[in-house]
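Chemist: Shown below is the structure under consideration.
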Amino acid sequence: MTFHETGRLLRRAELLAAGTLNDQTVRAGLKSGALERRCAGVYAPPSEDLSKDDIYLERVHARAGRSRVRVISHDSAAAVHNLALLDQDYRRVHLTDRRGGRITHDLHLHEAELEAGEITVVEGHRVTTIAHTVADVAREGSFYEALAVCDCGLRSGLPQAGQDEMSERFRGFVGGAILRDAVLLADGLAANPGESLSRGLMRSFPEVPRPRLQHPFYDDEGLIGYGDFDWEGRVVGEFDGLHKYRKYLGPGESIEEAVIREKRREDRLRALGIHVMRWTWKDLQDAVRFRALIARGLRMGGML
């Protein structure tokens with residue numbers, strides 16, 4: 001969904017002025033489920049077709065439409081720019097205002113003075129640029145969150161120079177050191193936040209060699225595919241997030257069929273003598289467990 005597609009929003013002031021609805025019918029609509037609140041005074045009809053991301057973007061649109069001074073920023077700007085985050089904050093809409101900041105249950109207002117070059121316009125709304133958004137998100141979270149957004153920034157087309165510039169811009173600021181470290185390791189070949197987290201964790205395991213990303217593998221049938229990670233073509237590591245199967249579904253293909261296709265791909269790699277190891281989000285939540293998994297796979301492939 002883009003801002004252009006958020007025409008479902010219904011603003012109380014406009015409805016009352018047009019005589020379309022009154023406060024009583026709005027309250028009744030909210031109680032019955034015919035309306036859903038996006039922020040104070042802004043509603044939308046329910047839709048089973050909307051994802052969590054779509055609903056969040058509607059909330060951002062609802063909030064942003066109420067101010068000509070505030071700028072969409074941080075996690076909310078990431079949603080507008082379609083930047084995949086390791087830990088997207090769906091609870092609050094993030095805006096930046098030079099006049100002051102505050103935090104409520106559904107709004108995080110950041111106090112900062114933005115330069116003209118750090119603001120862009122997306123379908124009529126003022127939003128921090130991709131480079132500044134990456135820097136804001138990176139400085140507010142953990143190193144792993146910073147690495148994920150820096151990877152995604154490069155993947156979305158942000159030049160390395162743009163990230164380097166932001167790293168210098170925030171030298172000495174809170175979170176500046178985390179941003180700098182993430183920029184140094186960032187790689188646009190990481191396909192998703194799970195792969196970014198995987199790589200960040202591997203960096204903390206001294207016995208694990210630095211992997212190659214998205215290397216193509218071939219057999220007699222042609223291209224087998226690209227490995228998420230590989231070590232000298234002898235070991236391939238694959239992060240299995242369910243989104244991978246959803247994202248790369250063929251026309252009319254079910255998730256079950258995609259899993260079977262992925263299994264066939266793995267069989268072709270094994271036929272070349274390559275050891276294949278896989279991990280999931282659950283493995284990444286336990287660094288000790290993940291370290292043991294990686295070490296075991298590398299030993300089986302003769303890399304340790």
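Read-outs: derived from the displayed coordinates by stated rules, not from any lab. These numbers come from a predicted model, not from an experiment. Virtual Cβ from ideal backbone geometry, glycine too; neighbours counted across all protein chains shown.
Chemist: Just in the range 106-188: which GluC sites (Glu not before Pro) are loop by DSSP and have at most 13 other Cβ atoms within 10 Å?
Modeler: 113, 115, 123
Chemist: Running a GNM on the chain with Cα contacts under 10 Å, which residue among 46, 216, 251 ends up with the highest mean-square fluctuation?
Modeler: Looking only at 46, 216, 251, the largest GNM fluctuation is found for 251.
Chemist: State, to one decimal in nm, how far the label point of residue 16 lies from the label point of residue 161, with both points 7 Å from Cα in the Cβ direction.
Modeler: 5.2 nm
Chemist: Turning to a different aspect of this structure: Using the number of other C-beta atoms within 10 angstrom as an exposure proxy, rank 39, 150 with the fewest first.
Modeler: Values: 39 19, 150 30.
Neighbour counts put them in this order, fewest first: 39, 150.
Chemist: Report the gain in length on full extension from residue 32 to residue 113: 0.36 nm times residue separation, minus Cα-Cα distance, nm rounded to one decimal.
Modeler: Taking residue 32 through residue 113 to full extension adds about 24.9 nm, to one decimal.
Chemist: Follow-up question, since we're still on this one. Report the number of Lys pairs in the chain whose alpha-carbons are under 23 Å apart, with separation of 8 or more residues or on distinct chains.
Modeler: Counting lysine pairs in the chain gives 9.
Chemist: If each residue of separation counts as 0.36 nm, what is the full-extension length gain between residue 123 and residue 232 once their alpha-carbon separation is subtracted?
Modeler: On the way: separation 109, 0.36 × 109 = 39.24 nm, distance 4.58 nm.
Length difference between fully extended and current span is 34.7 nm.
Chemist: Compute the FRET efficiency between residue 289 and residue 253 as 1/(1 + (r/R0)^6), taking r as their Cβ-Cβ distance and R0 = 51 Å, and round to the nearest 0.05.
Modeler: Working: r = 32 Å, r/R0 = 0.62.
For R0 = 51 Å, the calculated efficiency reads 0.95.
Chemist: Shifting gears a bit: Take the Cα pairs of the range 67-185, get the Kirkwood Rh, then feed it into Stokes-Einstein at 20 °C and 1.002 mPa s and tell me D in µm²/s.
Modeler: Values: Rh = 14.0 Å.
Value of D from the Cα-based Kirkwood radius: 153 µm²/s.
Chemist: Let me ask something else. Can you pull the semi-axes for the chain, root of five times each eigenvalue of the Cα gyration tensor, sorted largest first, whole Å?
Modeler: 41, 25, 15
Chemist: Further question on the same structure: If each of residue 50 and residue 220 carries a label point 7 Å out from its Cα toward its Cβ, how far apart are those two points in nm?
Modeler: The two pseudo-label positions are separated by 5.5 nm.
Chemist: Here is a further query. Taking neighbour Cβ counts within 10 Å as the exposure measure, how do 178, 260 sort from fewest upward?
Modeler: Numbers: 178 20, 260 12.
Fewest-to-most Cβ neighbours within 10 Å comes out as 260, 178.
Chemist: How would 232, 238, 36 line up from fewest to most surrounding beta-carbon atoms within 10 angstrom?
Modeler: Lowest to highest Cβ neighbour count: 232, 36, 238.
Chemist: On alpha carbon coordinates alone, what is the Rg over Rh value for the range 193-300, Rh being the Kirkwood radius? Let's see the in-between values first.
Modeler: Details: Rg = 14.0 Å, Rh = 14.5 Å.
On the Cα set of the range 193-300, Rg over Rh gives 0.96.
Chemist: Suppose only helical runs count, i.e. DSSP H with n ≥ 4. What mean residue ellipticity at 222 nm does that imply for the chain under -39500 (n - 2.57) per run, divided by all residues and rounded to the nearest 500 deg cm²/dmol?
Modeler: -13000 deg cm²/dmol
Chemist: Kyte-Doolittle mean at least 0.0 and Cα extent at least 27 Å along the axis: which DSSP H helices of the chain qualify?
Modeler: Counting only whole DSSP H runs, no helix qualifies.
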